[in-house]
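Structure, as structure tokens:
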2 protein chains.
Amino acid sequence: MGRIAQYDRQAALDSAINLFWEKGYSGSSMKQIEQALDMRPGSLYATFGSKDGLFSEALDLYSERNSNEMSAHLENYESIMSGMEDYLRKLALAFAPGTGTPSRACLIVKTLLEISHRESDLGRQVNRILDSIEERLREALEQAAARGELKRGTDCARLARLLQSQIIGLRSYAQRETSALQVAQLGEDMAAILAGYRS
Amino acid sequence: MGRIAQYDRQAALDSAINLFWEKGYSGSSMKQIEQALDMRPGSLYATFGSKDGLFSEALDLYSERNSNEMSAHLENYESIMSGMEDYLRKLALAFAPGTGTPSRACLIVKTLLEISHRESDLGRQVNRILDSIEERLREALEQAAARGELKRGTDCARLARLLQSQIIGLRSYAQRETSALQVAQLGEDMAAILAGYRS
DNA sequence: TCTTTTTTTGATCGGCCATTCAAGATAAGA
DNA sequence: TCTTATCTTGAATGGCCGATCAAAAAAAGA
């Protein structure tokens, strides 16, 4: 009994991701959200509770997809380090100027810089997400170390931090008005840096 | 003749930089600006024209200071590469968690990620500023190359891009809830990477 | 002191902000 | 077909947004 919901939650979150990714949290008004998701305020608030709630769900879904994409990418490689190095190159291609993504910069980092100054659930959430990504990178590097792909004595937690900061730098740099070639070279240089840690 | 202005333009812009740096463009309301600068709307709009105008001037001043600080730092070094490497370490210390800056992340990058999605004067300005910083880095690296500090055949423009993206990554990473030690290690690792390009 | 010029003040503007809610629409069970 | 439960709609909410402006205040020259 009861009316069936017309909207598709996943599709709605997809639209929300695209909007927030492009315009950021403060830059996206409820009116724009209503239009992007083709939902009226009543449905929106019944479904997601608030603008914050919607953003939070969108950010989580975005992060989960990013994480899954990296894992899926690494599965194709015998060598973890080769996979990692190619992942940097792949990011440089995927988020180069001219590609049709809502933003070249990462939504997580955009959120970090936009709202982590205040004590808020969103601020804690974005820190938690970045922690888990760094942890995922560390696990992969430790696996590589266990396989003897890394120089003896390599501090994997520390290298994971460097790697995350490289990715942040790469994608933020890509947000500039620059060329695909320059971003690709940046990805190449970062891959070479990572290769320098190999045994 | 005519009443003397009470406000100090430089002091007002200082306050504006601190506010915008912490809360971003959208996150800073005119009411907060009035309070931070201790100026009433009439004076504000007579002096800076608009919120955009104020932000634009604050961003330019912030950028000029950053640029001057880097130049001043490099002057203390015989070796340009040593100066550059220490500059990365210095950034890691200056913008580590616990230091009292309004934000650990760079205002220029925060602005890039917040508003460069739209066609706007501010978007063009932030791109222009980043161009000039990269250009400044390139000049320093070419000077280093001319002195024989760099490996033969080093592409200084390309290395300047890598360096800028490292700085972006370092300071954005520092915005996370992390420790001063971790950021310092990150700076150390980046200095080591740069040292890898030495002859 | 009076006039002229500039700055400062604070009320005020229309508009958009996130959010609420009552009324209408639509489904399944009785 | 009627009831009940759920979802959708769109107008309305109070409040804050960036911006304007007339009036008051303050300086310098006459």
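The values are calculated or read from the model by the stated rules, or taken from the named source; none is laboratory data. Because the structure is predicted, anything quoted here is derived from the model rather than measured. Cβ coordinates were reconstructed from backbone atoms using ideal geometry, including for glycine residues, and neighbour counts include every protein chain displayed. Each accessible area value is taken on the protein alone, full model and side chains, heavy atoms only, with ligands, DNA and RNA left out. Shrake-Rupley method; radii C 1.70, N 1.55, O 1.52, S 1.80 Å.
Evaluate peptide B:130-140: per residue, the Cβ atoms of other protein chains within 10 Å of its Cβ; return the mean as an integer. Let's see the in-between values first.
Details: counts 5, 3, 0, 0, 4, 0, 0, 0, 0, 0, 0.
Per-residue shielding by partner chains comes out at 1.
So, counting K/R as plus one and D/E as minus one, what does the shell of residues with Cβ under 12 Å around A:Glu85 add up to?
On the way: positive: A:Arg89, A:Lys90, A:Arg198; negative: A:Asp86, A:Glu149, A:Glu188, A:Asp189.
Summing Lys/Arg as +1 and Asp/Glu as -1 gives -1.
For B:171-182, what's the mean count of beta carbons from other chains sitting within 10 Å of each residue's beta carbon? Don't skip to the end; give the middle numbers.
Details: counts 5, 11, 12, 1, 9, 12, 9, 5, 0, 0, 0, 4.
The per-residue average across the peptide is 6.
Once you charge only the Cβ atoms, +1 for Lys and Arg and -1 for Asp and Glu, what is the size of the charge dipole of the protein assembly as shown about its Cα centre, to the nearest 20 debye? Working shown, then result.
On the way: 48 positive and 54 negative charges, 42 e Å.
Roughly 200 debye for the protein assembly as shown.
Can you check what the net charge comes to around A:Asn76, using other residues whose Cβ is under 15 Å from the Cβ of A:Asn76 (Lys, Arg +1; Asp, Glu -1)? Mind dumping the intermediate values first?
Working: positive: A:Arg89, A:Lys90; negative: A:Glu69, A:Glu75, A:Glu78, A:Glu85, A:Asp86.
Net of charged neighbours comes to -3.
With contacts defined as alpha carbon pairs under 8 Å and 6 or more residues apart, what's the relative contact order of chain B in percent?
Values: 194 pairs, mean separation 50.7, N = 199.
Normalised by residue count, the contact order of chain B is 25 percent.
Could you run the Karplus curve 6.51 cos²θ - 1.76 cosθ + 1.60 with θ = phi - 60° over region B:47-61 and give me ³J(HN,Hα) per residue in whole Hz, x for Gly and Pro?
Each residue's phi maps through the Karplus curve to give 8, 10, x, 6, 4, 4, x, 4, 4, 4, 5, 5, 5, 4, 5 Hz.
Cα centroids of region B:155-199 and region A:52-85: how far apart, whole angstrom?
Region B:155-199 and region A:52-85 have Cα centres spaced 23 Å from each other.
Before I look further, what does region B:71-199 give for accessible area per residue, probe 1.4 Å, in whole square angstrom?
On the way: 5210 Å² over 129 residues.
Computed with neighbouring chains in place, this is 40 Å² per residue.
Considering only the label points, 7 Å along Cα→Cβ from Cα, what distances in nm to one decimal separate B:Tyr7 from the same position in each other copy, shortest first?
4.1
Calculated FRET efficiency, A:Ala146 and A:Glu188, Cβ-Cβ r, R0 25 Å, to nearest 0.05? Don't skip to the answer; put the middle values down first.
On the way: r = 27 Å, r/R0 = 1.09.
The pair A:Ala146/A:Glu188 has a calculated efficiency of 0.40.
Apply the Karplus parameterisation 6.51 cos²θ - 1.76 cosθ + 1.60, with θ equal to phi minus 60°, to every residue of region A:156-168 and state each ³J(HN,Hα) to the nearest whole Hz, in sequence, with x for glycine and proline.
5, 4, 5, 5, 5, 4, 4, 5, 4, 5, 5, 4, 4
Pop a pseudo-label 7 angstrom from the Cα along the beta-carbon direction at both B:Ser43 and A:Ser43 and give the gap in nm to one decimal.
Output for this residue pair reads 5.1 nm.
Run the numbers on region B:78-115: which residues show a drop of 30 Å² or more in accessible area, chain on its own versus all protein chains together, using a 1.4 Å probe over heavy atoms?
B:Lys110, B:Leu112, B:Leu113
How much of the accessible area of region B:9-195, in percent, comes from carbon and sulfur atoms when a 1.4 Å probe is used? Don't skip to the answer; put the middle values down first.
Values: 3700 of 7790 Å².
It is 47 percent, rounded to a whole number.
So how do B:163-176, A:61-74 stack up, highest first, on mean other-Cβ count within 10 Å?
Output ranking for B:163-176, A:61-74: B:163-176, A:61-74.
Tell me, what HN-Hα J-couplings in whole Hz come from the Karplus equation 6.51 cos²θ - 1.76 cosθ + 1.60 at θ = phi - 60° for each residue of region B:70-75, using x for Gly and Pro?
Each residue of region B:70-75 in turn: 5, 4, 4, 4, 5, 5 Hz.
List the distances, in nm to one decimal, from the label point of A:Gly53 to the label points of the same position in every other copy, shortest first, placing each label point 7 Å from Cα along the Cα-to-Cβ direction.
Label-point separations across copies, in nm and ascending: 4.3.
Which of B:Leu19, B:Leu37, B:Leu107 moves most in a GNM of chain B, Cα contacts under 10 Å?
Maximum fluctuation in the GNM of chain B, among the listed residues, is at B:Leu37.
Using the Cα centre of the protein assembly as shown as origin and beta-carbon charges of +1 (Lys, Arg) and -1 (Asp, Glu), tell me which of B:Gln125, A:Ser26, A:Thr99 is placed farthest towards the positive end of the dipole.
A:Ser26
Which value, in debye to the nearest 20, describes the size of the charge dipole of chain A about its Cα centre when Lys and Arg Cβ atoms bear +1, Asp and Glu Cβ atoms bear -1, and nothing else is charged?
Values: 24 positive and 27 negative charges, 61 e Å.
In debye, rounded to 20, chain A gives about 300.
Quick one: with label points 7 Å out along Cα→Cβ, list the inter-copy distances for B:Ser67 in nm, shortest first?
So the distances to the same position in the other copies read 4.2 nm.
Between B and A, buried accessible area summed over both sides at probe 1.4 Å, in Å² to the nearest 100? Please report the intermediate quantities before stating the final value.
On the way: alone 10910 and 10910 Å², together 18220 Å².
Protein heavy atoms only, the B-A interface buries about 3600 Å².
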